[in-house]
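This report concerns only the one structure given below.
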Amino acid sequence: MAIKRIGVLTSGGDAPGMNAAIRGVVRSSFARKVEVSGIFRGYAGLLNDEVRPLSHRSVSNIINRGGTILKTSRCPEFMTKEGQKKAVEILQRNSIDALVVIGGDGSYRGAAALSKQWNIPCVGLPGTIDNDLFGTEKTIGSDTALETALGAIDKIKDTVNSMERIFIVEVMGRNCGYIALKCALAGGAEQVLIPEVQFDIFELCHEITEGYIRGKASWIIVVAEGAIKGDDLAKKIMDMTDLETRVVVLGHIQRGGSPTAEDRILGGRLGVAAVDALLKGLSGKAIGIVCDKINIVDLEAATTGYKLDPREDMGLIKILT
Ligand code: ADP
Ligand code: F6P
């Protein structure tokens, strides 16, 4: 069946560059004479029939904006068979023949269900700051989030060194240490704790005390939220070392802001590739970038195949600090 109308939605945690991806989907659809509808508020909006046709101009002046003009949400109802059946009916009622889902691994699972179980042509674009999807070297938003976290670390460094304190910087990453690892490396942090690598707090405190005796009083320890809460770590360090320790939780600041050039270009490029893939008849696929080339894998592989290999970066942090 020829695709006459494509639907696009953003789902899960928002990420800077999602707007550039929406723009890519809309503009390339028009270039290929295909209509586009925006589905607002992710799968929840789909179930609410929040569907509106988008024009070429509806994506003007959004390339530089963080967040997502389509808004996003999490939707437990969509995980049920009944929810998905309703979603299919609403897609059909709106004459949407194919769907682009921009989101993280959960959103990809939803897209995989629509494609495999309900036969809706569907592709996914990696929109998450976590950079935790297989089949793409970068997810849309991860570069901006990294720059934001790094900017904060640079500022924290000034006060750390002036007041000679221990600072814990908690960054996002429930299951993935990508942001923590990279911003620790780029920010010259002394230590990084991530969910993928076991750590020993006694050993860390021993290192801190030894350093203190040698005259090293300033420390930046970057922790991914999924490894340990910054406050819990601070309490343990203060109990064990008796040294003044402060905590900064960067939180959702990492999700906001104007996307970097890399995230804008990635979003646009993947948006165009998503439309091409659908028009070629592909479905159930995740579109990514590897070695600067479009790379396409199954949605299931994208959600299950990712594994961060932190060994080189951990080794570098040890040598360089
Ligand atoms: P992200 O896409 O950023 O990882 P979530 O994990 O919260 O965010 O997933 C976003 C939404 O995707 C969920 O609220 C739900 O509607 C849908 N989803 C997640 N997992 C599944 C699943 N196994 N089957 C169907 N839909 C799912
Ligand atoms: O998936 C992106 C992410 O920002 C994670 O890094 C973080 O753990 C989570 O979303 C936060 O989710 P919420 O928006 O529900 O607070």
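Report yes if some residue within the stretch 103-122 is of a type in the set (A, V, I, L, M), more than 15 Å from ligand 2 (Cβ to nearest atom), touching a helix residue (DSSP H, G or I) at 6+ places or on another chain (Cβ under 8 Å) and without any contact (Cβ under 8 Å) to a residue 40 or more places away in the chain; otherwise report no. Scanning the stretch 103-122, I find at least one residue that is of a type in the set (A, V, I, L, M), more than 15 Å from ligand 2 (Cβ to nearest atom), touching a helix residue (DSSP H, G or I) at 6+ places or on another chain (Cβ under 8 Å) and without any contact (Cβ under 8 Å) to a residue 40 or more places away in the chain, so the answer is yes.
Would you confirm whether any residue within the stretch 14-29 is at pLDDT below 95 and either small (G, A, S) or over 18 Å from L270 (Cα atoms) (or both)? Checking the stretch 14-29: not a single residue is at pLDDT below 95 and either small (G, A, S) or over 18 Å from L270 (Cα atoms) (or both). When the stretch 286-303 is filtered for residues that are within 18 Å of the chain's Cα centre (by Cα) and either crowded, with 24+ Cβ neighbours inside 10 Å or within 16 Å of ligand 1 (Cβ to nearest atom) (or both), the ones remaining, listed by number, are A286, I287, G288, L299, E300, A301, A302, T303. When L266 is tested against (1) under 26 Å from A2 (Cβ atoms); (2) open to solvent by less than 20 Å² (accessible area, probe 1.4 Å), only condition (1) is not met. Return yes or no: is T80 within 16 Å of ligand 1 (Cβ to nearest atom), open to solvent by 20 Å² or more (accessible area, probe 1.4 Å) and over 17 Å from the mean Cα position of the chain (by Cα)? So T80 fits the description; yes.
Hey, does the stretch 126-136 have a residue that's outside any helix (DSSP H, G or I), within 24 Å of R5 (Cβ to Cβ) and within 11 Å of ligand 1 (Cβ to nearest atom)? Yes: one or more hits. From the set of residues in the stretch 48-74 that are away from ligand 1 (no atom under 16 Å from the Cβ) and among the small types (G, A, S), which is surrounded by the fewest Cβ atoms within 10 Å (Cβ to Cβ)? Applying the filter and picking the extreme gives S60. When R23, R41 are screened for being basic (K, R), touching a Ser or Thr at 6+ places or on another chain (Cβ under 9 Å) and within 17 Å of T139 (Cα to Cα), only R23 passes.
The lone criterion from (1) part of a helix (DSSP H, G or I); (2) surrounded by fewer than 23 Cβ atoms within 10 Å (Cβ to Cβ) left unmet by I120 is number (1).
The values are calculated or read from the model by the stated rules, or taken from the named source; none is laboratory data. Just so it is clear, the model here is predicted, and its values are computed rather than measured. Here Cβ is always computed from backbone atoms with ideal geometry, including for glycine, and neighbour counts include all displayed protein chains. Just so you know, the surface numbers come from the protein's heavy atoms only, side chains and all, with ligands and any DNA or RNA stripped out. Shrake-Rupley method; radii C 1.70, N 1.55, O 1.52, S 1.80 Å.
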